[in-house]
Amino acid sequence: MSVHTLRIDEKDVSARAGQTILEAASENGISIPTLCHLEGLSNVGACRLCLVEVAVVGGGTRLAAACVTAAAEEMVIQTDTDRLREYRKMIVELLFAERNHVCSVCVANNHCELQEMAVSQGVDHVRYDYLEPRCDVDLSHPRFGLDHNRCILCTRCVRACDEVEGAHTWDVSGRGTLSRVVTDLNAPWGASETCTSCGKCVMACPTGALFHQSSTVSEMIHERTRLSFLVDAREKKQWHA
Amino acid sequence: MARLRLATVWLGGCSGCHMSFLDLDEFLMDLADRVDVVYSPVVDAKEYPEGVDLVLVEGAVANEDNLAMIRRVRERTRILVSFGDCAVTGNVTALRNPIGGSDGVLRRSFVEQTDRDPQIPFAPGVLPVLLDRVTPVHSVVSVDLYLPGCPPPAPRIRAVLEQLLDGRPARLAGREIKFG
Ligand code: SF4
Ligand code: SF4
Ligand code: SF4
Ligand code: FES
């Protein structure tokens, strides 16, 4: 198997062919913030939190999303520069500005990856005007609910349902700020003919957008590691605790 | 050292942040030794005075009274702290924004949600006129420090006050900036 040697944050690391910068970094104890990435699912580069700077020949750097960029021979990568810190902060603020996030009354309060990301990126207020779109809440499914106010369009639900459950109930409709996750061909979730009610999308969701019916403030704890457990059991026959 | 002139202001919020302030318990005694509370819902002062050193502003800017007040507060205060999630993000007070302007909001609350005598209250000079959009404090005036939380826990408030009382530039470390 071919192996690449590269530098991440002044540290020499090796990466197997096909590994991403994110995988190479995490195997070497270098952590890069991520939101749309979830162990067990494919990567799509939706959130851009994992941006890193890659040196280019002749000087300067280019930005690359670590979760979807292959590690290559002699790459020189920085994961934590002032520029990256500022961009990550902007991304988090824009996510808050795009929908309606009210942590104090949210089902995911204290168990939310977006809320945590704000803490880790030093976001103590949002510099942009809130868009305050009118968003629906779909409570038609007997067991689960969807609140578009909290959705960050990471598409983890889409990938979990497609790749792990094999149902492909979810997709994304619309463009720009009008993008919305939809079930079937934009039918109410409860009327979906493909949904098996397995709950994998709910497990995957980083925010309070997908939840168990009857959860109230702070009660929704997503079991996000269950998906990688299932995938490893299936594909590698590894049943980790 | 001269005693610090402290004020607290209550805009569009539920008073929970002020309750959390009162949860400072015995630290309130230390505070009383070091500051003069020159304006606050808990003291009897009608006018927001000139020359305030430090103000904690609870609540979002939701009506015309809030707007006039926060502008006066900014003019007359050295350090303005956005105190709690409603001041910092709009939070619960801003939940009405997606419904649309003040007309839509009033109609929703006083006409659509009732089956008896639907009417929109109108009492100029008595009831402050709602703004079309609820905004966080920093979208109207400049803010010197953000103290998030719904409400901010008392130790978080204390940390900020202690730094400012010692004349240090205040900063909330690590997890202390969490919303919610
Ligand atoms: S989804 Fe997360 S960030 Fe958004 S309101 Fe809920 S807890 Fe806050
Ligand atoms: S419950 Fe399962 S099948 Fe239904 S949408 Fe979610 S992941 Fe897909
Ligand atoms: S519903 Fe949740 S998992 Fe799906 S795109 Fe929105 S935030 Fe991501
Ligand atoms: S984690 Fe890489 S783009 Fe979201």
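The values are calculated or read from the model by the stated rules, or taken from the named source; none is laboratory data. Keep in mind the model is a prediction, meaning the values are calculated, not measured. All Cβ positions, glycine included, derive from the backbone under ideal geometry; neighbour counts span all protein chains shown. Remember, those area values only see protein heavy atoms, side chains included, never the ligands or the DNA or RNA. Shrake-Rupley method; radii C 1.70, N 1.55, O 1.52, S 1.80 Å.
Observations on the structure shown:
- Residue count, segment A:103-133 (criterion: in a helix (DSSP H, G or I), more than 8 Å from chain B (Cβ to nearest Cβ) and touching a Phe, Trp or Tyr at 6+ places or on another chain (Cβ under 7 Å)): 0
- Residue in segment A:134-153 that is of a type outside the set (G, A, S), open to solvent by 30 Å² or more (accessible area, probe 1.4 Å) and at the interface with another protein chain (Cβ under 7 Å from one of its Cβ atoms) present: yes
- Qualifying positions in segment B:132-157 - within 8 Å of chain A (Cβ to nearest Cβ), part of a loop (DSSP other than H, G, I, E, B) and open to solvent by 20 Å² or more (accessible area, probe 1.4 Å): B:V143, B:C150
- All positions within segment A:90-102 that are open to solvent by less than 10 Å² (accessible area, probe 1.4 Å), in contact with a His (Cβ under 9 Å, 6 or more places away or on another chain) and in a helix (DSSP H, G or I): A:E93
- Residues of segment B:101-131 that turn out to be in contact with a Ser or Thr (Cβ under 6 Å, 6 or more places away or on another chain) and within 12 Å of chain A (Cβ to nearest Cβ), as a count: 0
- Residue ID - nearest to B:R171 (Cα to Cα), chosen from residues in segment B:89-100 that are surrounded by fewer than 24 Cβ atoms within 10 Å (Cβ to Cβ) and within 7 Å of chain A (Cβ to nearest Cβ): B:V92
- Leading residue by the ranking (farthest from ligand 3 (Cβ to nearest atom)) among those in segment A:204-241 that are in contact with a Leu (Cβ under 8 Å, 6 or more places away or on another chain) and open to solvent by 30 Å² or more (accessible area, probe 1.4 Å): A:Q213
- Conditions (1) within 16 Å of B:S20 (Cβ to Cβ); (2) within 14 Å of chain A (Cβ to nearest Cβ); (3) out of contact with any Asp or Glu (no Cβ under 8 Å at 6 or more places or on another chain); number of the one not met by B:G180: (3)
- Figure legend. Inter-residue proximity from segment A:97-109: first residues closer than 13 Å to B:D85 by Cβ, second residues at pLDDT below 95 and of a type in the set (A, V, I, L, M, F, W, C), beta-carbon distance below 8 Å, spacing 6+ or different chains. Indicated pairs: A:S104/A:V217; A:V105/A:V217; A:C106/A:V217; A:N109/A:V217.
- Within segment B:164-177, being away from every other protein chain (no Cβ under 11 Å) and open to solvent by 30 Å² or more (accessible area, probe 1.4 Å) holds for B:D166, B:G167, B:R168, B:P169.
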